[in-house]
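First up is the structure itself, then whatever we jot down about it.
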Amino acid sequence: MFGKLTLDAFHHSSMIIVFANVIMIGTGLAVVAALTYYRKWGYLYREWFTTVDHKKIGVIYIVIAMIFLLRGFIDASMVRAQQASAGPGMEGYLEAAHFAELFTGHGTMMIFFMAMPFLVGLMNIAIPLQIGARDVSFPLLNAISVWLTAAAGALVMISLLVGSFSEAGWSGYTPFSGLAHSPGPGVDYWIWALQISGISTTLTGVNFVTTILKKRAPGMTLMRMPMFTWTVLCTSILIVVSFPALTAALALLALDRSAGTHFFTSIMGGDQMLYINMFWLWGHPEVYILVLPAFGIFSEVVTTYCNKRLFGYTSMVWATMAIAFLSFGVWVHHFYTMGQDPLRNSIFGIATMIIAIPTGVKIYDWIWTMFRGRIEYKLPMLWTLGFLITFVMGGMSGVLLAIPGADYKMHNSLFLVAHFHNVLIPGTMFGLLAGFYYWFPKVFGFRLDEKWGRHSFWGWLVGFYVAFVPLYMLGIMGMPRRMVTYDNPAWHFWLVIAAIGAMIVAYGIFAMFMQIYVSWRDREKNADLTGDPWGGRTLEWAIPSPPPEYNFAVVPEVRDRDAFMEMKVNNRAYERPAAYEDIHMPKSTPLPIVIAALSFVFGFAYVWHIWWLAGLCVLGTVAAVIVRSFNEETEFVIPASEVEADEDAFHRRLKEGGVFEHLQYIEEYGDERTPQGKFVEPTTRATSGLPG
Amino acid sequence: MASSPSHDLNRVRAAARADTEVNFGFWAYLMSDVVLFSMLFLAYVNLSQRYAGGPTPGEIFSLHGVFLETMALLASSLTFGLAMVSLHQGKKNHIIGWLLATFVLGAFFLWHEVSEFVHIIHEGASFDRSGFLSAYFGLVGTHGAHVFFGMIWLLTMVAQVALRGLTPAIGSRLARLSLFWHFLDLVWICVFSTVYLPGLIQGGSA
Ligand code: HEM
Ligand SMILES: [Cu+2]
């Protein structure tokens with residue numbers, strides 16, 4: 001009846017896990033109680049659980065990301081604390097198995113449930129607005145994606161209570177992740193959490209490729225797209241082409257574990273290297289999936305806060321495409337040491353190093369954009385500067401690792417761990433946080449607090465260096481990754497420093513949550529009345545904050561790159577039409593949460609081999625989709641009068657905010673400013689594109 | 001807003017065109033499916049010689065069965081093509097007829113495949129016998145599962161055409177199902193030439 005699930009699954013030998021469960025369940029109950037007490041369930045159901053609005057979906061993604069940022073960080077701190085308290089003559093406080101769950105959980109959660117949802121959340125919020133669309137191409141699919149991610153995250157969470165999580169590392173290498181070496185439910189939880197979130201991401205990729213290629217406002221040619229849109233297009237294509245490799249690898253691993261097949265086993269003709277190849281066929285593009293949109297965010301930030309057009313737009317576009325393309329040809333660099341011939345290693349080593357070239361192009365483009373610009377040192381600019389300096393270091397250590405000979409020495413050492421954190425934290429994490437600050441007022445209608453934001457920035461930046469520079473040292477001193485204890489006394493000192501670094505990062509994370517709280521408390525004072533708090537250049541700043549459900553009362557006509565700036569310069573901004581039209585929007589629906597709930601139960605049932613329940617969930621999903629396909633009333637109409645009333649109110653706010661005087665100024669002096677704050681010569685570029 | 005039947009038909013035809021937004025999205029999905037199948041082909045090619053002392057392709061594949069399956073699937077692509085022709089002519093009953101014919105051919109294919117699987121397993125050559133057999137069942141089975149879901153989709157569309165008639169939404173869905181169905185045909189050709197053909201040639205010479 002319940003497959004392999006018995007009461008034993010609830011028994012945890014480690015008091016720490018019991019304690020973590022008490023906290024998790026306690027927090028969950030407190031949230032439920034509070035929502036019930038304040039009677040928020042109806043509101044949540046109507047406005048959030050059933051929504052298909054891309055802006056709200058973006059917010060849900062980011063909420064998921066924040067929860068997992070906390071959990072992922074707690075796991076990392078516990079790893080740090082263990083290694084700082086273990087060593088010669090010291091045991092540390094963790095059992096080996098629990099330690100393994102922690103680094104596996106940390107890597108898995110940070111990549112799949114923190115970075116990816118954060119990124120997809122920002123994509124959801126910004127892309128339709130940047131391209132002048134009223135929604136994504138497939139709003140329902142979009143809602144299904146977000147709740148699938150939530151369901152997958154819930155599987156990770158419940159593994160803490162029922163059973164255990166994987167000990168096989170975030171990459172789940174075979175044969176260790178096979179049944180023979182990992183008989184418990186942990187790897188199965190890992191498989192289904194990743195499988196469900198991976199499918200969700202694939203659907204998102206399909207959705208955004210279509211949205212960007214098919215839903216751009218009239219006049220927005222490909223070479224007029226904002227840089228963030230370009231990077232998201234490349235990322236979405238990478239998603240569509242690479243995530244199925246992960247899906248296949250996980251599905252075959254699941255079969256090995258539950259049906260007794262021999263794809264990746266070490267007996268009966270299985271091939272463990274097959275898994276490792278498939279995993280990195282996805283895994284390497286994945287790092288570019290994570291970093292390209294962050295590059296896009298830095299581009300938006302640099303142009304906005306330096307009051308200049310992007311330097312070398314065309315080269316930036318080509319660099320992005322080159323990186324996306326090359327990312328498929330380098331996966332072998334993850335296993336130079338596994339026995340292929342030197343020629344093959346050399347080819348992949350050189351291919352890897354070549355990626356540094358387009359990346360360098362991008363770095364120079366950002367620097368040249370800043371050069372002689374009037375830089376406003378707002379928080380996103382700080383993140384960008386922190387990124388530029390730190391990321392270059394991470395990139396360099398990557399080029400070192402790309403040399404097969406050197407990699408034989410550094411493979412699986414803490415040098416590698418330092419390297420990938422050195423690109424992921426400044427690259428992805430700083431980019432996400434910059435984007436978070438940048439687009440926050442657009443979504444919520446008020447700005448984030450600058451002071452706490454700066455605290456957060458310095459916490460992250462200093463903490464990063466203190467936590468990870470020692471790991472470079474330790475790597476060179478020969479310390480392997482994933483060590484629960486060690487007997488080299490020379491390592492201990494650096495591991496203590498690294499633990500202090502993690503505590504400094506903790507302050508950065510704390511400051512970020514304080515920032516959100518303080519900004520919310522002072523939301524009246526921080527209100528963004530005009531919808532254009534930064535003097536933005538792209539279309540999302542042409543509409544109110546928060547935008548109405550339909551985003552654009554009238555679909556804008558694009559005549560240049562930096563579409564909104566062109567409107568400001570040519571006195572077309574905020575133009576009103578002779579008459580408004582009715583707008584058709586998709587209706588809310590509970591289908592996404594039904595499908596997500598079924599997926600969650602399916603994953604859980606599969607982990608515990610409760611086959612009848614898993615079967616029922618598949619049937620239920622198919623039935624739900626078929627029933628939905630007979631529903632033809634999926635849209636509703638927002639009458640023109642309502643749109644007009646919204647616009648009237650917006651224009652009153654624009655007048656109060658003094659926007660129109662400011663516009664005259666821009667019209668007269670053009671859109672670029674010198675370091676002294678003066679506007680440079682007006683540009684006359686009404687209809688033509690810019691030279692690259 | 002009164003509109004003539006021919007005007008309606010034009011809207012249905014327009015919705016079935018391949019360059020609409022939703023059809024484009026479906027192409028993007030198909031690309032991801034191509035990658036999924038590529039991985040399974042990769043697994044097969046990699047494992048196809050790893051018999052672990054178990055049976056070899058020549059011992060378990062039968063040309064007769066595979067030939068029938070291939071013919072059924074090719075014919076089903078033809079009947080689906082005819083369904084789409086009927087769609088453009090606006091002949092509702094013809095559409096239903098051809099869709100049902102496609103369904104029957106698909107069912108024949110699947111029934112044959114499953115009985116072949118059962119036969120092979122009975123001979124002691126199950127998917128847990130060797131890397132080769134795992135890869136064989138994995139690849140061919142995934143294709144079969146796609147055909148199965150295609151058939152559920154076919155029945156749903158038959159019901160929708162019967163109950164709702166020819167609406168633009170239904171025309172557009174049929175266009176995508178048609179893409180999906182032809183795509184599965186294409187994958188099958190690849191399965192045939194990667195799995196069965198070398199297997200049989202090898203078996204013949206062994
Ligand atoms: C915020 C501060 C962070 C700290 C203090 C931290 C710390 C750690 C530590 C101690 C390990 C284990 C090292 C070992 O194997 O000995 C680790 C592994 C890892 N971290 Fe982080 N990390 C942080 C942020 C991140 C972020 C933001 C990401 C991804 C976006 C990330 C991704 C990973 C991955 C993928 C692993 C490998 C897990 C494995 O070995 O399977 N980390 N991290
Ligand atoms: Cu890589």
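Before moving on, here are some points about what is shown:
- Complex-versus-alone comparison for the stretch B:149-163, residues with a loss of 20 Å² or more in accessible area, probe 1.4 Å: B:PHE149, B:ILE152, B:THR156, B:GLN160
- Among A:ARG374, B:ARG176, the order of accessible area from largest down is A:ARG374, B:ARG176, computed with a 1.4 Å probe on protein heavy atoms.
- Average accessible surface for chain A: 38 Å² per residue, computed with a 1.4 Å probe over protein heavy atoms with every protein chain in place.
- Helix A:489-521 axis versus longest C-alpha principal axis of chain A: approximately 40°, rounded to the nearest ten.
- Across A:PHE73, A:PHE493, B:PHE127, A:PHE564, the residue with the most accessible area heads the list, and the full order at a 1.4 Å probe is A:PHE493, B:PHE127, A:PHE73, A:PHE564.
- The stretch A:155-160 - phi-based ³J(HN,Hα) in whole Hz, Karplus 6.51/-1.76/1.60, Gly and Pro as x: 5, 4, 4, 6, 5, 5
- Using the empirical formula 2.2 N^0.38 Å as the baseline, the Cα radius of gyration of the stretch B:5-203 reaches a ratio of 1.15.
- Label separation (A:PHE636 vs A:LEU7): 4.9 nm, computed from points 7 Å beyond Cα along the C-beta direction.
- Only protein heavy atoms count here; on that basis, with a 1.4 Å probe, A:MET110 has an accessible area of about 40 Å².
- Gain in span if fully extended, A:LYS451 to A:ILE16, counting 0.36 nm per residue against the direct Cα distance: 153.1 nm
- Here the spin labels are modelled as points 7 Å beyond Cα on the Cα-Cβ line, and at B:ASP8 and A:TRP368 they lie 6.0 nm apart.
- Surface per residue (accessible, 1.4 Å probe) for the stretch B:5-203, Å²: 42 Å²
- The phi-based Karplus calculation (6.51 cos²θ - 1.76 cosθ + 1.60; θ = phi - 60°) puts the 3J(HN,Hα) values of the stretch A:335-343 at 8, 3, 7, 9, x, 7, 6, x, 4 Hz, whole numbers, x for Gly and Pro.
- Model label zone, A:LEU400; criterion: amide N under 12 Å from point 7 Å along Cα-to-beta-carbon; scope the stretch A:462-493: A:469-478
- Calculated FRET efficiency for the pair B:PHE149/A:ILE354, C-beta based, R₀ 35 Å, to 0.05: 0.25
- Chain-alone versus full-assembly comparison, the stretch A:227-271, residues with accessible loss of at least 40 Å² (1.4 Å probe): A:VAL240, A:PRO244, A:HIS262, A:PHE263, A:MET268, A:GLY269, A:ASP271
- Share of carbon and sulfur in the accessible area of the protein assembly as shown stands at 69%, probe radius 1.4 Å.
- Long pairs among A:LYS308/A:LYS451; A:LYS362/A:LYS442; A:LYS362/A:LYS525, criterion Cα-Cα beyond 31 Å: A:LYS362/A:LYS525
- With DNA, RNA and ligands ignored, accessible area of A:VAL301 (1.4 Å probe; Å², nearest 10): 0 Å²
- Interface residues in the stretch A:626-643 - accessible area drops by 20 Å² or more relative to the isolated chain, probe 1.4 Å: A:ILE626, A:SER629, A:PHE630, A:GLU632
- Average partner coverage of A:171-184, which counts Cβ from other chains inside 10 Å: 0
- Leading residue at positive end of dipole, the protein assembly as shown (Cβ point charges), from A:VAL496, A:GLY28, A:LEU343: A:VAL496
- For A:SER413, the amide hydrogen comes within under 5 Å of the amide hydrogens of A:ARG481, counting only partners 5 or more places away or on other chains and with H modelled in the peptide plane.
- Chain B: DSSP helices with Cα axial extent of at least 27 Å and average Kyte-Doolittle hydropathy no lower than -0.5: B:21-47, B:63-89, B:92-122, B:131-164, B:168-191
- Values of log10 I(q)/I(0), in the order q = 0.05, 0.11 Å⁻¹, for chain A under a Debye, Cα-only, solvent-free model: -0.24, -1.21
- Taking 0.36 nm per residue of separation and subtracting the Cα-Cα distance, full extension of the segment from A:TRP318 to A:ARG652 would add 116.0 nm.
- Computed with a 1.4 angstrom probe on protein heavy atoms, the A-B interface buries about 2800 square angstrom of accessible area in total.
- Solvent exposure ordering (accessible area, 1.4 Å, most first) of A:LEU382, B:LEU78: B:LEU78, A:LEU382
The values are calculated or read from the model by the stated rules, or taken from the named source; none is laboratory data. Computed from a predicted structure; not experimentally measured. In this analysis, Cβ positions are derived from the backbone assuming ideal geometry, glycine residues included, and neighbour counts consider all displayed protein chains. The accessibility values were calculated without ligands, DNA or RNA, using every heavy atom of the protein model including side chains. Shrake-Rupley method; radii C 1.70, N 1.55, O 1.52, S 1.80 Å.
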